[in-house]
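Some notes on the structure that comes next.
Please treat every number below as a calculation from the coordinates, not as lab data. A quick note: this is a predicted structure, and the numbers were derived from the prediction, not measured. Please note: Cβ atoms are built from the backbone with ideal geometry, for glycine as well, and neighbour counts cover all protein chains shown.
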Amino acid sequence: MERFKRNERIAAMVKILSDNPNKLFSLNYFVEKLNAAKSTISEDIVIAKNVLEELGLGRIETVPGASGGVKYKNSVTAAESMEFLSRIARTLSDPGRIITGGFLYMADVISDPQVAWAAGNVLAGCFDGEPIQYVVTVETKGIPIALMTARAIGVPLVIARRDNRVTEGSAVNINFLSGSTGRIQTMSLSKRAMERGAGVLIIDDFMKAGGTARGMVDLMKEFDARVVGIGVMITTSKPEEKLVSNYIPLMYLEGVDEKAGKVSLRPNDRLPV
């Protein structure tokens with residue numbers, strides 16, 4: 001088998017690790033794949049680890065022991081988070097995005113792969129270290145952000161449906177009160193979607209009163225799941241008291257003045273990243 005140069009080995013390792021966040025790879029995996037001694041692979045990992053950390057491109061962690069190895073974790077600095085969120089806030093504050101009824105059009109922004117990926121990285125960083133086995137969201141515009149958050153953490157995404165589908169098999173259904181519409185709505189999740197007793201992170205694109213988030217929390221109780229937190233792209237400043245408490249918003253929508261053509265949107269400057 002061909003032997004690779006050090007720069008070639010490091011490039012390959014960084015590619016493999018960054019494509020699989022939080023997945024543990026044994027040193028033997030790289031020994032066999034790159035045809036190099038374990039001591040050489042260990043030296044390569046140290047070099048890659050130092051470079052990534054110095055440039056703020058994530059971090060490589062080593063896990064000691066017979067069942068240990070190496071894994072990659074995304075990381076976003078507070079400055080990077082604020083720069084990204086400030087830019088998105090400026091974009092969404094365009095008066096041309098105001099929709100009749102005082103709503104704000106943002107589907108094109110949160111569906112942009114680059115925006116969704118950056119938002120997912122920030123949200124994942126807010127819950128770093130939490131025991132998360134699944135990211136859970138509901139069938140809304142927030143799916144791209146939830147998917148990218150799940151990818152950054154390295155866990156599956158579970159999507160609760162608005163109604164039961166025959167293709168989902170046996171499902172759990174609950175009714176919840178939407179804080180935005182004030183109407184009773186239904187949420188459904190297949191019994192096969194996730195293991196019981198798992199740690200979950202709930203992600204949503206928008207929160208007003210927190211009715212949908214509360215519905216997801218109640219749905220998780222049916223699976224004996226532990227909700228470790230709730231991440232939201234945008235939440236309204238009012239009402240101040242939501243139906244859920246343990247949530248972290250990336251931005252606050254303080255108001256939409258349809259008559260004056262003004263949007264007041266600001267980043268959350270107290271993110272735990």
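Points to keep in mind about this one:
- Each of Met82, Met233 has some number of other Cβ atoms within 10 Å of its Cβ, and from fewest to most they run Met82, Met233.
- Phi angles of region 15-28 translate, via the Karplus equation with coefficients 6.51, -1.76, 1.60 and θ = phi - 60°, into HN-Hα couplings of 4, 5, 5, 5, 6, 9, x, 6, 8, 7, 10, 6, 4, 4 Hz per residue; Gly and Pro are given as x.
- Inter-label distance, nm, simple model (7 Å from Cα along the C-beta direction), Val166/Ser245: 4.5 nm
- Phi angles across region 66-78 convert, under the Karplus curve 6.51 cos²θ - 1.76 cosθ + 1.60 with θ = phi - 60°, into 3J(HN,Hα) values of 4, 9, x, x, 9, 9, 10, 10, 5, 8, 10, 6, 4 Hz, Gly and Pro given as x.
- Distance between modelled label sites at Ile184 and Ala79, nm, 7 Å Cα→Cβ extension: 5.4 nm
- Taking 1.567 mPa s as the viscosity and 4 °C as the temperature, the Stokes-Einstein diffusion coefficient of region 6-73 based on its alpha-carbon Kirkwood radius rounds to 110 µm²/s.
- Distribution of pairwise C-alpha distances over region 132-185, 5 Å bins, in %: 4, 18, 21, 21, 20, 14, 3, 0
- Relative pair counts by distance (%), Cα atoms of region 78-267, 10 Å bins: 9, 37, 37, 15, 2
- Here region 116-130 is scanned for amide nitrogen atoms under 18 Å from the site 7 Å beyond the Cα of Leu24 along Cα-to-Cβ, giving 129-130.
- Coordinate range of the alpha-carbon atoms in region 108-162 per principal axis, descending: 31, 26, 14 Å.
- With both labels modelled 7 Å from their Cα along Cα-to-Cβ, the Glu139 to Ile99 distance reads 1.8 nm.
- From its DSSP helices (H runs of at least four residues, each -39,500 (n - 2.57)), the chain gives a residue-normalised ellipticity at 222 nm of -10500 deg cm²/dmol.
- Inter-part distance where region 72-146 and region 222-273 are each reduced to a Cα centre, Å: 11 Å
- Proximity of backbone amide H atoms, modeled 1.01 Å from N, is registered between Met207 and Ile234, Thr235, Thr236 at under 5 Å, excluding neighbours fewer than 5 places apart on the same chain.
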